[in-house]
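Structure first, commentary second.
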Amino acid sequence: MLEWLAYHHMIGVSHFLIYSNDCDDGTCEVLDAAAGSLPITHLPNPTKGRHYQMGALKDARKQPCVGTADWVWISDVDEFLCVHAGDGKISDLIQACGDPSAISVTFRYFANAGIDRFVDRPVIRQFMRCHAEDICASDTAIEVKTLVQKNFPLHSFGAHRPFTRADYLPHWTDGSGRPVPETFVKTTNKRRIRRFPAAGTQSFATLNHYALRSRDTYLVKRARGDVNRPNRAFDVDYWTDRNDSGSEDRRILTHMPALRRALHQLKSIPEIGAAHKAAVAHHRAYANHLRKTRDGKALLAALDAAPRLPRNEAQLCEALKAMRL
């Protein structure tokens, strides 16, 4: 939590509006402690029972910090916006893309890469193996998250992109400053409202998605469940589709020196440091507990036996190679 806050504040986020969902793991206490040093508005999610994320997005439209924002970026805590333009700031991305009304940045999933136990070190420094830029889990269309300007003709926010009822195409680019597909803007292809072809989309930015992290953390993630789909299973298939370690991307590490300084400064504040240590202890203890359960042992065994490449990806890679030839 602290790493995510410090990193995004460092690259240009001027205010955080964060919704928590009945958390009992100490992260709410981290947020409340950090609010004295960082620009954070922390609210309990007003939605109960289901559709937590959609409920938070609907409520966010009413919040003053969203209404007065020049830009809005919607992100989960395991997603890190990595800007390749200029000094790696959000303002550099906006300038590189030609100051559009929206920028959709393509995901890149970072693999577990054999890391077993949770350690209290920056996530971006531990996990650097990932899938190739243009293909993910045998699909050449990859999900995005979208930076939205205040002049965007907004109908509603989605978790991955805004929706518009405008009868014209807004200036909306991908992470290389190119126009996103018209079918994506108009949502005419319902299977592609969160994604579009990834080839060539990451010249100026990538969204580093650390969906797996350590096996300890994956056990905890599975026990917690999905924020949107109560029946979704964080199972072996989910793991396999995101655990492609065939490539490496270290570009985000240019921020490590500044991030270390920012984290040291935050943790040196007694209230923040104590809350962080308590959350770390809770996470580690819960993972240790889950490792001893029947389900936990079964999942770890299944992960050991899981394929090393996502389903059908080897065949697709061969097909793409043949097309290039």
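The values are calculated or read from the model by the stated rules, or taken from the named source; none is laboratory data. Keep in mind that this is a model prediction, so the values were computed, not measured. Cβ sites come from the backbone with ideal geometry, for glycine too, and all protein chains shown count toward neighbours.
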Inset, instruction - Test Thr68 against the criterion of being surrounded by fewer than 19 Cβ atoms within 10 Å (Cβ to Cβ), touching a Leu at 6+ places or on another chain (Cβ under 7 Å) and under 23 Å from Leu147 (Cβ atoms), and give yes or no. - result: no
Legend entry - Residue satisfying all of: in region 135-161; in a loop (DSSP other than H, G, I, E, B) and among the small types (Gly, Ala, Ser); farthest from Ala6 (Cα to Cα) among these: Ser138
Inset, instruction - Could you pull out every one of the helices (runs of 4 or more DSSP H) wholly within region 44-134 that has 3 or more residues that are closer than 29 Å to Arg213 by Cα and modelled with pLDDT of 95 or more? - result: 90-96, 123-126
Legend entry - Output for region 22-56, where each listed residue is β-branched (Val, Ile, Thr) and either touching a Leu at 6+ places or on another chain (Cβ under 9 Å) or closer than 19 Å to His264 by Cα (or both): Thr27, Val30, Ile40, Thr41
Inset, instruction - Restrict the check to region 49-59 and report whether at least one residue is in contact with a strand residue (DSSP E or B) (Cβ under 6 Å, 6 or more places away or on another chain) and without any contact (Cβ under 8 Å) to a residue 60 or more places away in the chain. - result: yes
Legend entry - Qualifying positions in region 219-235 - at pLDDT 90 or above and either loosely packed, with under 14 Cβ neighbours inside 10 Å or over 24 Å from Met54 (Cα atoms) (or both): Leu219
Legend entry - The listed residue being surrounded by 14 or more Cβ atoms within 10 Å (Cβ to Cβ) and over 30 Å from His276 (Cα atoms), out of Val123, Val83, Val180: Val180
Inset, instruction - Please specify each residue of region 5-28 satisfying the condition of being under 15 Å from the mean Cα position of the chain (by Cα), closer than 15 Å to His42 by Cα and in a helix (DSSP H, G or I). - result: Leu5
Inset, instruction - Give the residue, chosen from His160, His155, that is surrounded by fewer than 21 Cβ atoms within 10 Å (Cβ to Cβ), at negative phi and more than 15 Å from the chain's Cα centre (by Cα). - result: His155
Legend entry - Every pair of residues 6+ apart whose Cβ atoms lie under 7 Å, when the first sits in region 130-143 and is among the aromatic types (Phe, Trp, Tyr) while the second is in a loop (DSSP other than H, G, I, E, B) and surrounded by fewer than 19 Cβ atoms within 10 Å (Cβ to Cβ): none
Inset, instruction - Read through the list (1) more than 20 Å from the chain's Cα centre (by Cα); (2) of a type in the set (D, E, K, R); (3) more than 28 Å from Gln53 (Cβ to Cβ), then give the number of the only condition that Asp295 fails. - result: (3)
